[in-house]
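For reference, the structure discussed in these notes is given below.
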Amino acid sequence: MSNVTPFGPRNDSHDLEDMLKKATSGMSGLKDTLPGNMGPSKLFGLGIIIAAFIWILSGLFFIEPSEHGVVMTFGKYSKTEEVAGLKWHMPWPIQSHEIVNVTNERRIKIGFDDFSNRNNRGDVNNRDVKSESLMLTGDENIIDIDFVVLWKIGDAKDYLFRIRDPEATIKIVAESAMREIIGQTEIQPALTEARSQIQADTRQLMQDMLDEYEAGVQINNVQLQKVDPPAPVIDAFNDVQRARQEKEELRNKAEAYRNGIIPVARGEADKMIQEAEAYQQEVVNRATGDAARFSAIYNEYKNAKTVTSERLYIEALEEVIGNSNTVILDNAGGQGAVPYLSIDALTNKSKTNKAN
């Protein structure tokens, strides 16, 4: 090793001696300035006291209202500080702490991510992640779904110690839960009216799974961003949708026609039934009356056969003669036959004269 330096010859022994002399003179000067002319031993003790005081103060930490503090003793969980304010624990390396925000809502995206490049207007484009977004529905169709999971920390202790990578775990659980719910749903409801139900069912399933893992995570919401058929088959899918709409239109027209015809037919049927029932009742009543009349006449005949027979005979003659033309043959006074005189003709003539 060369003993020559840019500033002259190098002498290590002389340099060491100079350093010792400076240190001794410095201690002597410090000794003269201290009160009571303290020696090096007392100065060393004072340094130890100051260092110990600083070490004790290093155990102080502050918790915001939105935070929880988890205290660990030699790396093992000890307690959770949930009340905001200034806190203290045994200094490191005996105890340490971890501050966790339990109110901030975090987001995890499944099926897409933010593309780093921006377009001319400065908007961030989303890039589709097919391995996450393509799912199989209950009727064996493929659907493309992008969604966002909103979550926050519910238990700081479980969040820190139960799972190794919370965000990665939540993302895996979210994708698994969504695939299970979509696998129980047909594609048509998934694209239209079942979106709210899918969100609610996925959120509940995710919460149940994470609670089983004791992850200390609370799922606030699941929001569907895009629910579409896969791009290569979207034209064919739209054709199918149009065919279904035409089918529904034809069905509605048929229903309207049926609703117009059936009530009229039912009304006519009810009318015919009512007329038949009225005729039936009329016939039954007439037959019942005739039977009652015959029974009454028979009872009277048994009590007075002669009178009843004559009465029946007279009533029969009245009925027969009443429905026939009547003439009178007058042979009185020995003058012989006279022309027939029609009583009906005279009656009709009398009515005609009265009317005039």
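The values are calculated or read from the model by the stated rules, or taken from the named source; none is laboratory data. As the structure is a prediction and not an experimental result, all values here were calculated from the model. Backbone-built Cβ (ideal geometry, glycine too); neighbour counts: all protein chains shown. When the accessible area is computed, the model is the full protein with side chains, heavy atoms only, and any ligands, DNA or RNA have been set aside. Shrake-Rupley method; radii C 1.70, N 1.55, O 1.52, S 1.80 Å.
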Any residue in the stretch 224-238 that is surrounded by 15 or more Cβ atoms within 10 Å (Cβ to Cβ) and among the aliphatic types (A, V, I, L, M)? yes
Can you report the number of residues in the stretch 95-111 which are open to solvent by 50 Å² or more (accessible area, probe 1.4 Å) and part of a loop (DSSP other than H, G, I, E, B)? 3
Residues of the stretch 190-205 that turn out to be among the hydroxyl-bearing types (S, T, Y) and either closer than 14 Å to D228 by Cα or open to solvent by 40 Å² or more (accessible area, probe 1.4 Å) (or both), as a count: 2
Scan the stretch 55-66 residue by residue and report those that are part of a strand (DSSP E or B) and at pLDDT 75 or above. L60, F62, I63
Enumeration of residues in the stretch 138-162 that are open to solvent by 30 Å² or more (accessible area, probe 1.4 Å) and among the aromatic types (F, W, Y): Y159, F161
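Residues that are within 28 Å of V70 (Cβ to Cβ) and within 18 Å of the chain's Cα centre (by Cα): list the helices (runs of 4 or more DSSP H) wholly contained in the stretch 142-260 that include at least 3 such residues.
Fully inside the stretch 142-260 and qualifying: 195-213.
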Return the residue satisfying two criteria in turn: it lies in the stretch 122-137 and is modelled with pLDDT under 75 and assigned to a loop (DSSP other than H, G, I, E, B), and of such residues it is least open to solvent (accessible area, probe 1.4 Å). G122
If we keep only residues of the stretch 48-86 that are open to solvent by less than 40 Å² (accessible area, probe 1.4 Å) and over 23 Å from R162 (Cα atoms), then the residue nearest to the chain's Cα centre (by Cα) is G85
Check T192 against each of (1) modelled with pLDDT under 85; (2) of a type outside the set (A, V, I, L, M); (3) within 22 Å of D113 (Cβ to Cβ) and name the one condition it does not meet. (3)
Looking at the stretch 142-151, can you tell me whether even one residue there is modelled with pLDDT of 90 or more, within 16 Å of R106 (Cα to Cα) and of a type in the set (F, W, Y)? yes
